[in-house]
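A short worksheet on the structure shown next.
Any read-out appearing in this document is the output of simple, stated calculations on the displayed coordinates, not a laboratory observation. Only a predicted model underlies this, so the values are computations on that prediction, with no experimental measurement involved. Please note: Cβ atoms are built from the backbone with ideal geometry, for glycine as well, and neighbour counts cover all protein chains shown.
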Amino acid sequence: MLELISAAIALIGSTLAGVWDLKTTEIPDDIPDVMIILGLTIAFIESVFSSNYSFLLNSVIYGVGFFCFGFLMYYLGQWGGGDAKILSAVGFLLPFSPIPNNYLFPFPISFLFNVFIIGAIYMLIYAFAFALMNRKIVSKFIKDIKGSQKILSIGSVVLLISFFALNWFFSAYLLNEQNILPIIYNSFLLFFASISLFLLFKFARAVENFGFKMKISISKLKVGDVLLDSKLFEGITEKELKKIKSSGKKYVWIKEGVRFGLAFPLALIFTLFFGDSIIFLIKFFV
C-alpha cells in the first residue's frame, strides 16, 4: 500500500515539476524537496512496521546515488539542477517496484534507463514542435539540405552499393543464402536508416544553432535566462542580471534547451506499466 502511495507522490510531483519547467524553464526546489522528505518518511515507516530496514537503506542508496548522477549530468552541462533533483526524489520514493512487472534490472535502474530512452523520444518531439513554431529553423534546415544535395546524392549511391555488397557477401558466403529478395530488403532498410540519421543530425544542428541560441537586447534579459558562455545550464540570478545591465552592453547571447522535466513522469509511467524499454523494444520488433 505504501509503495503505491510513493508511486502516486512520485508521479504527481514529477508531473508538476515537468509542467512548471515547460512553462517557466525552471523547476522550483520545493517540489523535489517535499518529494524527498515524503520518500524518506514513508521508507522509515515501512521499515519500522515491517522490522525490515532494507526499505530505508535502499531509499537512501538510490536517492543519494541518483543525486550524484544527476548532478554529474548538471556539471557536464546536459541537465538543469531541477532535473537532477527530480531524479533523486524518485530514487528516494521508489527504491522498489510498486507494481509487479518484468524488469531486467532493479526498478530504479530500469527507470534510469527509461529516462534516457523515453527522454530521447521526448526530445525529438519537443525539437520538432519547437521548429514548427519557428519558421527560421525550418528554412535554415531546408537550405542546409539543399546545400548538401550533391554530397547527399553521391553518398546515397555509395551507401546503397556498399550495403548491397555487404548483404550479398554475408548472405552468399556466410549464410549460404541465395535468395536475392532479403538482400535487397536489408540493403534498402540500412540505407533509409542511415539517411534518416543524417537528416536527424542536420535537423538537430539547425534547432541548436538557429533556435536554441538567441541574441537579445539587454532590456529583454530576465532572471532564469542562461547565458551562451555559461558552462552550467543554470539561469542567471537577480544579482547577476543587475550586474549585466550595468555593464554597458546592448546585446547578449543566451541559450535555450529542451525543457526536459516532462521526460521524468513519462519515463515513470512507462516503467510502471511496461517495465524495461529494452525488453519492450525487443518484444515489439522481434
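The table below lists the values:
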| read-out | value |
| --- | --- |
| R0 of 35 Å, Cβ-Cβ distance A8-E208: FRET efficiency to nearest 0.05 | 0.45 |
| Residue-count net charge about V252 - beta-carbon cut-off 9 Å; Lys, Arg +1, Asp, Glu -1 | +2 |
| Amide H within-cut-off set for D225, under 5 Å, with H built and near neighbours excluded | I236 |
| Dipole of the chain, positive direction: furthest Cα of L94, L200, I109, with charges on the beta-carbon | L200 |
| Estimated dipole of the chain in Debye, rounded to 20 [Cβ of Lys and Arg +1, of Asp and Glu -1, Cα centre] | 1780 debye |
| Peptides 55-63, 251-259 ordered by average Cβ neighbours within 10 Å, highest first | 55-63, 251-259 |
| Residue with peak Gaussian network fluctuation, the chain [Cα springs, cutoff 10 Å], from L190, L227, L181 | L181 |
| Extension reserve of the L199-L76 stretch, reckoned as 0.36 nm per residue once the Cα distance is removed | 41.6 nm |
| Fully extended contour minus Cα-Cα distance, from K250 to V64, at 0.36 nm per residue | 62.6 nm |
| Contour excess over end-to-end distance, with Cα ends at T237 and I154 and 0.36 nm allotted per residue | 24.8 nm |
| Long-range amide H partners of S97 with built H, under 5 Å | F107 |
| Two-site FRET efficiency, L124 against S51, from Cβ-Cβ distance with R₀ of 51 Å, rounded to 0.05 | 0.60 |
